[in-house]
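A short reminder: the numbers here are calculations on the coordinates, not readings from a lab. Everything quoted here is computed from the prediction, not taken from an experiment. All Cβ positions, glycine included, derive from the backbone under ideal geometry; neighbour counts span all protein chains shown.
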Amino acid sequence: MSKVIDGKQFADNLCEKLKAEVALLQEQHDLSPCIAVVLVGEDPASQVYVRNKVRRCEQLGIHSVEHRLSAETTEAELLTLIDQLNNDDAIHGILVQLPVPDQINDKAVLAAISPKKDVDGFHIENVGAMAVGENQMVPCTPLGSLMMLQDHLGDLSGKHAVVIGRSNIVGKPMATLLLQQSCTVTIVHSRTVNIESICRQADILVAAVGIPNFVTADWVKEGAVVIDVGINRIEVDGKSRLVGDVDFDDVQEKVSAITPVPGGVGPMTIACLMYNTVAAAKMQNNI
Ligand code: GUN
C-alpha cells in the first residue's frame, strides 16, 4: 500500500511549534520576528505565493512587511530598497519573490541581500556554507522535502537518491542536503542520457523540472519514495488544474510513498520559510 505524504498536515504541525516559539520570543526577549517580502511586477503565480506566505506569517504571529513594486522598477531602485531593509534592525528576513522582471539581474539582487537575512538561502555565502556542511540558511523547498523524507524513512544513509532538475533553487541544494545525509546522489537533467533507467534505480526520487506529469510509472522503482516539487497549471476539460512533475495517478500504486500536488511540498516550503525567519531573528539577537 502506498502512502500519500500529507505535506499540509506536516506543515501545520511545524507551524504550531513555531507559533509557540514566536510567542516565547516575544514574552522572554521582547523579540518579534519580522520578514520583508518584496514582489516586483504582477505575475499572477507570484502574487498567490506571496499572499500565502503573508497569510502564514499572520497565523504564527510573525510580522511581515510587503513591498509591492511596479513591473517597471529598475535594478537600482530595488537595490536601494534591499539596502534599507539590510540596515533595518527590525527586519530579520528579506525575500524577493522570483522571477523578477527582465530589466533586473536576479543574481545582483540575491547578492545584495545580507546573508544573515537571506531566509531563502540563495546568497552565495549560504550556498557555499552548505557545500562544506556548515548549513546556515537552507533553501526552503529542499529543506521541507528533506524533513518529509526523514519523517517517512528515518535514516537516509546509503539510499540512492535521484534528483531530476539542476536549478539553484531546488535541484542543486536538494542534492547537497541528500549528500549530507549520506545518500548516493545522482542529478539528472535535460541532457542526461537514459534518464528513465537512472530514475528507475532511485530509492528516493525528487522531481523538480517544471514539466507537468513528466515522471510516469515506468520511471520509478517498486517501493520508491517520490517527492514531487512541481507546481504546474494545466487545462483539463476546459478547467484549470494544478499538477506536479509526477503523473500521480500512474505512479501512486507502485511507490511506497509520494507527495501530492497540491498539498505536498508547497505547504512545507512556506513552513520552512517561517522556520528560517524565526532562526534568523534568533541569530541576529544572539538567542
Ligand atoms: N519563486 C519560486 N520559488 C521561490 C522561492 O523559493 N523563493 C523566492 N524568493 N522566489 C521563488
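Listed values, structure above:
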read-out: Projected label distance in nm at GLN9 and ASP89, using a 7 Å step from Cα toward the beta-carbon; value: 4.4
read-out: Antiparallel DSSP beta bridges within the chain, percent to nearest 5; value: 15
read-out: Ascending count of other beta-carbon atoms within 10 Å, so fewest first, for THR259, THR192; value: THR192, THR259
read-out: Value at 222 nm in deg cm²/dmol, rounded to 500, when DSSP H runs of n ≥ 4 in the chain each add -39,500 (n - 2.57); value: -13000 deg cm²/dmol
read-out: The range 161-249: translational diffusion in µm²/s, Stokes-Einstein, Kirkwood Rh over Cα pairs, 37 °C, 0.692 mPa s; value: 247
read-out: Rg and Dmax [Cα atoms of the chain; Å; Rg one decimal, Dmax integer]; value: 19.0, 56
read-out: Computed P(r) (all Cα pairs; the range 214-271; 10 Å bins; percent); value: 24, 49, 24, 2
read-out: Rounded to 5, the percent of DSSP beta bridges in the range 182-279 classed as antiparallel; value: 40
read-out: Enclosed volume per residue, in Å³, of the convex hull spanned by Cα atoms of the range 121-164; value: 98
read-out: Degrees between helix 7-29 axis and first principal axis of the chain (Cα, 0 to 90, nearest 10); value: 20
read-out: Qualifying GluC sites (Glu not before Pro) for the range 1-82 [loop in DSSP, other Cβ within 10 Å: at most 15]; value: GLU42, GLU72
read-out: Mean projected area (nm²) of the alpha-carbon convex hull when the range 8-104 is viewed from all directions; value: 6.6
read-out: Subset of LYS8/LYS159; LYS53/LYS282; LYS53/LYS117; LYS19/LYS117 violating a 18 Å alpha-carbon distance limit; value: LYS8/LYS159; LYS53/LYS282; LYS19/LYS117
read-out: Cysteines (scope the chain) whose Cβ has no counterpart Cys Cβ under 4.7 Å; value: CYS15, CYS34, CYS57, CYS183, CYS199
read-out: Distance between modelled label sites at ARG68 and VAL193, nm, 7 Å Cα→Cβ extension; value: 5.1
read-out: Rotationally averaged projected area of the range 31-76 (alpha carbon convex hull; nm²); value: 3.7
read-out: Cα pair distances exceeding 18 angstrom across the range 1-61, given as percent; value: 52
read-out: Exposure proxy ranking, count of Cβ atoms within 10 Å, fewest first, for ASP155, ASP83, ASP106; value: ASP155, ASP83, ASP106
read-out: The range 175-222: Rg to Rh, with Rh as the Kirkwood radius over Cα pairs; value: 0.95
read-out: Å³ per residue enclosed by the Cα convex hull of the range 122-217; value: 104
read-out: Partners for LYS17 among aspartates and glutamates (Cα-Cα distance below 15 Å; same-chain residues under 8 apart left out); value: GLU58
read-out: Burial ordering of HIS189, HIS123, HIS160, fewest other beta-carbon atoms within 10 Å first; value: HIS189, HIS160, HIS123
